[in-house]
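The values are calculated or read from the model by the stated rules, or taken from the named source; none is laboratory data. From a predicted model like this one, the values you see are computed outputs, not experimental measurements. Cβ placement follows ideal geometry from the backbone for every residue including glycine, while neighbour counts extend to all protein chains displayed. Areas reflect the complete protein model, heavy atoms only, side chains present, ligands, DNA and RNA absent. Shrake-Rupley method; radii C 1.70, N 1.55, O 1.52, S 1.80 Å.
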Amino acid sequence: MGYVGPGLLEQLRRSRPGVTLVGVDTGYFAHCLTGVTIFPEARLDRQYFADLRKPPEDLFEDVDAVVHLAAISNDPMGDRFKEVTYDINFQASIELAKKAKAAGVSHFVFASSCSVYGFAEGEARNEQAPLNPLTAYAKSKIKMEDELQKLADENFVVTCLRFATACGASDRLRLDLVLNDFVAGAIASKQITVLSDGTPWRPLIHVRDMALAMDWAIQRDSANGGAFLALNAGSNAWNYQVRDLAEAVAELIPGVDVSINKDAPADKRSYQVDFGLYEKLAPDHQPQMTLKTAIQDLAERLEFMQFSDGDFRNSQLIRLKVISEHCEHGRLNSRLEWQ
Ligand SMILES: NC(=O)c1ccc[n+]([C@@H]2O[C@H](COP(=O)([O-])OP(=O)(O)OC[C@H]3O[C@@H](n4cnc5c(N)ncnc54)[C@H](O)[C@@H]3O)[C@@H](O)[C@H]2O)c1
């Protein structure tokens with residue numbers, strides 16, 4: 001019930017019409033719907049509202065594959081809620097993976113992140129490159145990958161997809177992602193404000209292309225990559241510098257000003273990523289979107305939403321803001337448990 005989930009449900013309903021789809025989410029952002037025509041989880045056969053720290057007993061009964069998306073999902077939230085990020089993204093998540101394995105689940109797909117490469121100047125990083133996780137969020141992803149590797153075997157095939165930064169329209173849009181922020185600024189106020197000096201490298205992937213990758217991974221043959229696989233998921237063509245993204249948006253949406261903060265301190269996160277292995281292993285599930293269609297599609301969604309909030313960086317479309325408000329109003333406690 002987050003940003004990536006709804007697109008995955010659409011993909012799975014399309015590619016596997018007969019399967020039973022079950023969702024589990026605690027619903028932090030359940031209400032943050034954006035320009036929807038149907039409730040996204042109506043595509044599921046069953047939805048549990050549950051905290052994965054206390055999962056339902058029979059969750060994995062008759063389940064073949066698990067796609068594990070639930071997480072505290074970015075650096076700003078991870079900085080503010082360090083311990084909770086460790087608890088949810090790693091401790092509870094690995095316990096869940098153990099339960100899945102014990103229950104006979106054959107495929108486990110984990111949404112990891114290219115942020116594990118941290119600050120990595122020079123050539124594009126492949127999966128063998130040294131890791132440099134700089135934040136609680138990135139560290140939680142590595143820890144999970146390491147422990148999943150120990151669980152993987154012929155009967156429990158694990159794929160950790162190290163996704164590039166996501167972008168694009170979704171039924172629960174996030175605007176705390178670089179390209180989405182730029183398109184939102186362009187639509188709301190004809191202004192793109194680049195907070196860095198624009199030089200950091202940031203590979204992107206469209207949410208629909210993430211869904212394609214997960215669809216591939218839930219049925220991956222262990223002969224194709226091994227029982228455990230940590231894989232960069234994205235495409236070499238989508239390694240962009242932040243300023244290129246701002247310029248691409250300004251080219252497509254007329255009358256937009258781009259301001260770049262030339263005096264900004266160097267961004268801590270900058271990396272180019274080599275997606276060659278993904279191309280080799282999953283030739284039929286390669287990213288399909290172009291940057292142009294991603295921008296146009298998102299602009300259309302924002303227009304459909306009649307989006308005009310110039311102050312969107314303080315809005316309900318920013319995950320940290322929603323969580324903070326839940327806490328301020330006592331709906332969540334400091335461990336991010338519902339009260
Ligand atoms: N968006 C990106 O750029 C990106 C890039 C790489 C990897 N990922 C990963 O993909 C996954 C999905 O990302 P997203 O953008 O949809 O994030 P999101 O924040 O929009 O959604 C995360 C979902 O997890 C749920 N959740 C969090 N803690 C939970 C708990 N304790 N129990 C049950 N549910 C819980 C939330 O309610 C929310 O619906 C995350 O694991 C994220 O780290 C995202």
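What is the sum of charges, Lys and Arg at +1 and Asp and Glu at -1, for the other residues whose Cβ falls under 9 Å from the Cβ of Asn236?
Here the count lands on -2.
By its C-alpha gyration tensor, with a ≥ b ≥ c as the square roots of the eigenvalues, how is the range 1-108 shaped: rounded for a/c under 1.5, else prolate for a/b larger than b/c, else oblate? Don't skip to the end; give the middle numbers.
On the way: a/c = 2.01, a/b = 1.10, b/c = 1.83.
Oblate is the answer for the range 1-108, as a/c is 1.5 or above yet b/c matches or exceeds a/b.
For a test of the definition: using alpha carbon positions, the gyration tensor, and the 1.5 limit on a/c, classify the range 220-339 as rounded, prolate or oblate.
On the way: a/c = 1.83, a/b = 1.20, b/c = 1.52.
Oblate.
Return one number: the angle in degrees, 0 to 90 and rounded to the nearest 10, between the long axis of the Cα atoms of helix 242-252 and the longest principal axis of the Cα atoms of the chain.
Compared with the principal axis, the helix lies near 70 degrees.
Which whole-Hz couplings ³J(HN,Hα) result when phi for each residue of the range 172-180 is put into the Karplus expression 6.51 cos²θ - 1.76 cosθ + 1.60, θ = phi - 60°, listed in order with x for Gly and Pro?
Calculated HN-Hα couplings, in order: 10, 4, 10, 10, 9, 10, 4, 5, 4 Hz.
With no solvent and one equal point scatterer per Cα, compute the Debye intensity ratio I(q)/I(0) for the range 7-56 at 0.20, 0.25, 0.31 Å⁻¹ and report its log10, rounded to two decimals.
At q = 0.20, 0.25, 0.31 Å⁻¹ the computed log10 ratios are -0.78, -1.06, -1.22.
List the residues of the range 17-37 whose backbone N lies under 16 Å from a point placed 7 Å from the Cα of Glu300 along the Cα-to-Cβ direction.
Counting backbone N atoms under 16 Å from the label point, the list is 35-37.
Which three extents, in whole angstrom, do the alpha-carbon atoms of the chain cover along their principal axes, largest first?
Dimensions of the chain along the principal axes of its Cα atoms: 56, 46, 39 Å.
On a full-extension model of 0.36 nm per residue, what is the gain between Glu123 and Asn155, subtracting their alpha-carbon distance, rounded to one decimal in nm?
Roughly 7.9 nm would be gained on extension.
Report, to the nearest 10°, how far helix 136-151 tilts away from the longest principal axis of the Cα atoms in the chain, using its own Cα long axis and a range of 0 to 90°.
30 degrees
Helix 319-328 versus the longest principal axis of the chain: what angle, 0 to 90°, nearest 10, using Cα atoms?
80 degrees
What are the residues whose amide H is under 5 Å from the amide H of Phe163, where those residues sit 5 or more places off or on another chain and H is modelled from the backbone?
Residues meeting the criterion, in which the H sits 1.01 Å from N, are Ser112, Ser113, Cys114, Ala233.
Using the per-residue mean of other Cβ atoms lying within 10 Å as a proxy for protection, in what order, highest first, do the peptides 314-322, 64-72, 10-18 fall?
Those peptides, ordered most packed to least, come out 64-72, 314-322, 10-18.
Please tell me the relative contact order of the chain in percent, rounded to the nearest whole number, where contacts are Cα pairs under 8 Å and at least six residues apart. Intermediate values should be presented prior to the final figure.
On the way: 633 pairs, mean separation 71.7, N = 339.
After rounding, I find 21 percent.
Send over a whole-number figure in Å² for the accessible area per residue of the chain, probe 1.4 Å.
44 Å²
Can you list residues whose amide H is under 5 Å from Ser270's amide H, if they're 5+ apart or on another chain and H is modeled 1.01 Å from N?
Phe119, Ala120
Using the Cα gyration tensor of the range 85-128, with a ≥ b ≥ c the square roots of its eigenvalues, what is the shape: rounded (a/c below 1.5), prolate (a/b larger than b/c) or oblate (neither)?
In terms of gyration-tensor shape, oblate.
From Cα pairs below 8 angstrom and at least 6 apart in sequence, can you work out the relative contact order of the range 1-96, rounded to a whole percent?
Averaging sequence separation for qualifying contacts and normalising by length gives 28 percent for the range 1-96.
So which of Lys101/Lys321; Lys268/Lys292; Lys101/Lys280; Lys141/Lys280 end up more than 30 Å apart, counting from Cα to Cα?
Lys101/Lys321
Using alpha-carbon pairs under 8 Å, 6+ residues apart, how would you state the relative contact order of the range 233-339 in percent? All intermediate terms of the calculation are to be shown ahead of the outcome.
Values: 48 pairs, mean separation 25.5, N = 107.
That works out to 24 percent.
Suppose the chain between Thr37 and Asp146 were pulled fully straight at 0.36 nm per residue; how much longer would it get relative to their current alpha carbon spacing?
35.2 nm
Please list, by residue number, everything in the range 169-200 whose backbone N is under 15 Å from a paramagnetic label point 7 Å out along Cα→Cβ of Asp257.
185-194
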